[in-house]
1. In whole Hz, what ³J(HN,Hα) sequence does the range 183-199 give by Karplus (6.51, -1.76, 1.60; θ = phi - 60°), x for Gly and Pro?
2. How high is the relative contact order of the chain, in percent, with contacts defined as C-alpha pairs under 8 Å that are six or more residues apart?
3. If I build a Gaussian network model for the chain, linking alpha-carbon pairs within less than 10 angstrom, which residue out of SER175, SER163, SER274 has the largest mean-square fluctuation?
4. Evaluate E = 1/(1 + (r/R0)^6) for ASN204 and VAL297, where r is the Cβ-Cβ distance and R0 equals 22 Å; express this FRET efficiency to the nearest 0.05.
5. Hey, quick one: spin label on LEU151, modelled 7 Å out along Cα-Cβ, who in the range 110-139 has an amide N within reach, i.e. under 20 Å?
6. Quick one: dipole size for the range 7-147, taken about the Cα centre, charges +1 on Lys/Arg Cβ and -1 on Asp/Glu Cβ, in debye to the nearest 20.
7. Could you go through the range 24-30 in sequence order and give the Karplus-derived ³J(HN,Hα) for each residue, using 6.51 cos²θ - 1.76 cosθ + 1.60 with θ = phi - 60°, rounded to whole Hz, and x for Gly and Pro?
8. Taking the Cα centre of the range 128-229 as origin and charging only Cβ (+1 Lys, Arg; -1 Asp, Glu), how large is the dipole, in debye to the nearest 20?
Amino acid sequence: MSFDTSRYAEIRPYNDKEIPSAIARLINDREFINAILRYRFKNYSLWLKNLMAPFMRMYLKIKWAKLTSVEAVQLEVKKHLSRTLKSTTDGVTFSGLDKLVQHKAYLFISNHRDITMDPALINYALHQFNHKTARIAIGDNLLKKSCATELMKLNKSFIVKRSAKGPREIMKVLSTLSSYIKHSLDTENSIWIAQKEGRAKDGNDFTDPAILKMFYIEGRKRKISFPEYIKSLRIIPVAISYENDPCDVAKACELYERSSKGSYKKGEFEDIESIVQGILGDKGKVHIAFGDIIDQVFKTPDQLAIEIDRQIYKNYKLFPINMLAAGRSCGKFEKDVYLKLQKKLESLPIGAHQYLLDSYANPVRNQKKQFNLGKVQFFIY
């Protein structure tokens with residue numbers, strides 16, 4: 001089947017030919033330069049930062065002159081990510097990568113806890129084991145600034161237009177997205193997408209069947225049955241487990257406010273702050289578990305969602321903090337973990353305490369419920 005790739009122009013990531021001009025636009029973006037200066041030189045006065053702006057542009061122009069392809073950008077991202085993981089984690093481990101076949105494309109569907117780190121860690125794992133990195137689905141709600149769009153599209157991200165209005169426009173957007181995902185897979189480009197829209201702020205990792213229905217729009221157009229089309233996507237569920245969520249307190253505050261006030265008004269730069277906190281905050285131990293390719297027959301999106309959830313909870317690694325938050329013993333770690341939890345709780349209003357505890361306890365409860373376990377084993381390495 002032939003594809004009209006021009007229909008993907010608005011959502012697809014940049015290709016090799018577009019990289020140099022995109023980098024040039026980014027370097028000349030005043031907001032982008034100001035953001036770097038605010039982060040790198042936070043204790044400097046405003047006038048000095050303004051004075052440094054031209055020098056920062058010149059520095060980036062020289063430093064990024066070698067970035068002339070998607071692969072070059074990926075290697076640069078990997079270099080910075082490796083350095084960041086060394087300073088913000090107590091180790092990152094992987095499992096299940098031996099089941100992947102070289103040069104085959106997969107549709108990775110994972111639980112979603114962190115805006116940037118979830119797909120970054122999956123691509124880091126793929127690169128470490130000599131697999132091609134995946135294209136990343138990202139909502140347009142995170143791309144309010146032009147520099148954010150440039151950065152994401154430079155880093156193999158494609159855009160999910162959540163801002164679409166009206167049934168006709170929404171259907172057009174979903175159809176294009178479904179077609180683009182299939183086109184990517186057919187051209188040996190893996191895809192990462194979260195199991196549902198938005199992060200699981202309460203620790204409940206459940207797949208939204210609406211995501212799976214979106215996948216099948218292209219299959220329906222091709223007159224292929226749901227089970228057959230789903231097999232062709234080569235779906236692999238991925239479980240991402242963080243010992244510590246750097247955004248846990250902020251998430252608990254948001255859930256508490258929604259519950260107590262009926263709504264929550266997000267700050268102008270809140271998404272950016274969450275991205276920065278997720279990248280630079282302490283994550284403790286981290287484990288990325290790749291599940292089994294889904295090749296069974298599932299007649300409906302709801303049945304498929306159950307299987308994705310089963311694999312994610314089967315492979316989700318529980319840490320002592322999960323056990324303690326769920327009211328279970330975590331052995332010799334109990335005192336240290338208790339003190340860490342108490343420190344988090346002390347920074348929150350009393351009404352928000354349970355939301356934070358639940359964010360760590362729900363994976364324990366859901367794993368027990370999923371597999372009817374009497375005693376849940378937690379993860380130590």
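1. 4, 4, 5, 5, 9, 6, 10, 5, 10, 10, 8, 6, 5, 7, 5, x, 6
2. Details: 538 pairs, mean separation 77.4, N = 381.
Value for the chain: 20 percent.
3. With Cα springs under 10 Å in the chain, the top fluctuation among SER175, SER163, SER274 is at SER163.
4. Numbers: r = 27 Å, r/R0 = 1.24.
Plugging the Cβ-Cβ distance into 1/(1 + (r/R0)^6) gives 0.20.
5. Once the point is set 7 Å along Cα→Cβ of LEU151, 113-124, 134-139 turn out to lie under 20 Å by backbone N, inside the range 110-139.
6. Working: 24 positive and 12 negative charges, 88 e Å.
With Lys and Arg at +1 and Asp and Glu at -1, about 420 debye.
7. With coefficients 6.51, -1.76 and 1.60, one gets 4, 5, 5, 5, 8, 7, 4 Hz.
8. Values: 20 positive and 11 negative charges, 77 e Å.
Dipole about the Cα centre, nearest 20: 360 debye.
Quick note: the coordinates plus some simple rules give every number you see, no bench work behind them. Remember, it's a predicted structure, so these values are computed and weren't measured experimentally. Neighbour counts are summed over all protein chains in view; Cβ atoms, including those assigned to glycine, are modelled from backbone coordinates with ideal geometry.
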